[in-house]
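> Got a structure for you, written out below as structure tokens; questions coming shortly.
The values are calculated or read from the model by the stated rules, or taken from the named source; none is laboratory data. Fair warning: this is a prediction, and the values are worked out from it, not measured in the lab. Cβ placement follows ideal geometry from the backbone for every residue including glycine, while neighbour counts extend to all protein chains displayed.
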Ligand SMILES: Nc1nc2c(ncn2[C@@H]2O[C@H](COP(=O)(O)OP(=O)(O)OP(=O)(O)O)[C@@H](O)[C@H]2O)c(=O)[nH]1
Ligand SMILES: [Mg+2]
């Protein structure tokens, strides 16, 4: 059996070491990663991806942890991807995540990985999407993706998910008003976490008031679920909300349309990423680009001619 097939077999059997090695290969954009993903791809498409996002410190990791425990109690395989815990907002998040993960150590039905750095070749969203695919191949029924909802990268990542959960907490001031419109738009479910704190009722009223102004997407009204993640309160309700959302889209035939839309986006991103690699692949490409940009800035060359030159030199004829 070729080594890649052997590796793929081990990934699909859910072997932790094989999965870990594959994720590292994906992060480093190693050529074997693509080969591996191609090999396992026919066996993917079963996992349900839930994205959990929200402002720093709202309790996302705690929620993910409790939700994971809930799914494990139903004997479902769970994969967790914690993206970008290195943002300047979150000091010891990785350490905290590590400690939480210890609680699941030794559970073969659970796989947890932090993706700690930015600057992945081809982008963080690509790496996350590929890791999610890999966990899908590894037989995880539920893949939970935690991201801090602060930038475009994060919005791109949550868009990958089948269901997007946006976490809010009372006492962050005018957080609804300040919330990124982009994040609001992608929310399928709102979680009002830290409901044990003062101001929970007011925040819930504000959310409902705001939601009443928004047109339901495909017949779905995003519910507001109150949780106290640190006490495991409301987790069943959240899981039920996710299941209801899933059923809503599966029965209405929207699921396939969503998946086609998803792959349309992904294929464009992959084409872009491959093109960039071809153009900037070597160190030389970067230098050449800088030289051309200089010529354009100095008006020695027009940008259209420069682009044609870049493409031609990369062996691309359009
Ligand atoms: N009072 C209260 N505290 C909570 C609740 N849920 C989480 N916390 C606490 O809030 C703090 C932050 O929780 P995390 O789960 O690390 O939050 P996070 O959103 O993952 O944080 P970052 O990844 O750093 O953005 C921790 O001290 C939790 O114990 C809750 O429902 N009520
Ligand atoms: Mg966290």
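> Taking segment 201-240 as the search range and keeping residues that are in a loop (DSSP other than H, G, I, E, B) and under 19 Å from residue 52 (Cβ atoms), which one is nearest to the chain's Cα centre (by Cα)?
Checking each candidate, the answer is 222.
> Could you tell me which residue of segment 174-220 is modelled with the lowest pLDDT, considering only residues that are over 18 Å from residue 58 (Cβ atoms) and either surrounded by 17 or more Cβ atoms within 10 Å (Cβ to Cβ) or in contact with a helix residue (DSSP H, G or I) (Cβ under 7 Å, 6 or more places away or on another chain) (or both)?
218
> Can you confirm whether residue 99 is farther than 19 Å from residue 53 by Cα, at pLDDT below 90 and either out of contact with any helix residue (DSSP H, G or I) (no Cβ under 7 Å at 6 or more places or on another chain) or in a strand (DSSP E or B) (or both)?
yes
> Restricting attention to segment 132-147, and to residues there that are in contact with a strand residue (DSSP E or B) (Cβ under 8 Å, 6 or more places away or on another chain) and part of a helix (DSSP H, G or I), which single residue is nearest to residue 81 (Cα to Cα)?
Here the answer is 132.
> Okay, moving on. Please enumerate the residues belonging to segment 188-200 that are under 24 Å from the mean Cα position of the chain (by Cα) and more than 16 Å from ligand 2 (Cβ to nearest atom).
Listed by number, the residues that qualify are 188, 189, 190, 192.
> Follow-up. Which residue is nearest to ligand 2 (Cβ to nearest atom), if the candidates are limited to segment 70-90 and must be at pLDDT 95 or above, assigned to a loop (DSSP other than H, G, I, E, B) and surrounded by fewer than 20 Cβ atoms within 10 Å (Cβ to Cβ)?
76
> Grab the helices (runs of 4 or more DSSP H) fully contained in segment 1-69, keeping just those with 2 or more residues being surrounded by fewer than 16 Cβ atoms within 10 Å (Cβ to Cβ) and either touching a residue at least 40 places away in the same chain (Cβ under 8 Å) or in contact with a strand residue (DSSP E or B) (Cβ under 7 Å, 6 or more places away or on another chain) (or both).
Because the criterion is at least 2 residues that are surrounded by fewer than 16 Cβ atoms within 10 Å (Cβ to Cβ) and either touching a residue at least 40 places away in the same chain (Cβ under 8 Å) or in contact with a strand residue (DSSP E or B) (Cβ under 7 Å, 6 or more places away or on another chain) (or both), the helices (runs of 4 or more DSSP H) in segment 1-69 that meet it are 16-27.
> Given (1) modelled with pLDDT under 90; (2) in contact with a helix residue (DSSP H, G or I) (Cβ under 9 Å, 6 or more places away or on another chain); (3) farther than 15 Å from residue 64 by Cβ, where does residue 138 come up short, assuming only one miss?
Residue 138 satisfies all of (1) modelled with pLDDT under 90; (2) in contact with a helix residue (DSSP H, G or I) (Cβ under 9 Å, 6 or more places away or on another chain); (3) farther than 15 Å from residue 64 by Cβ except (1).
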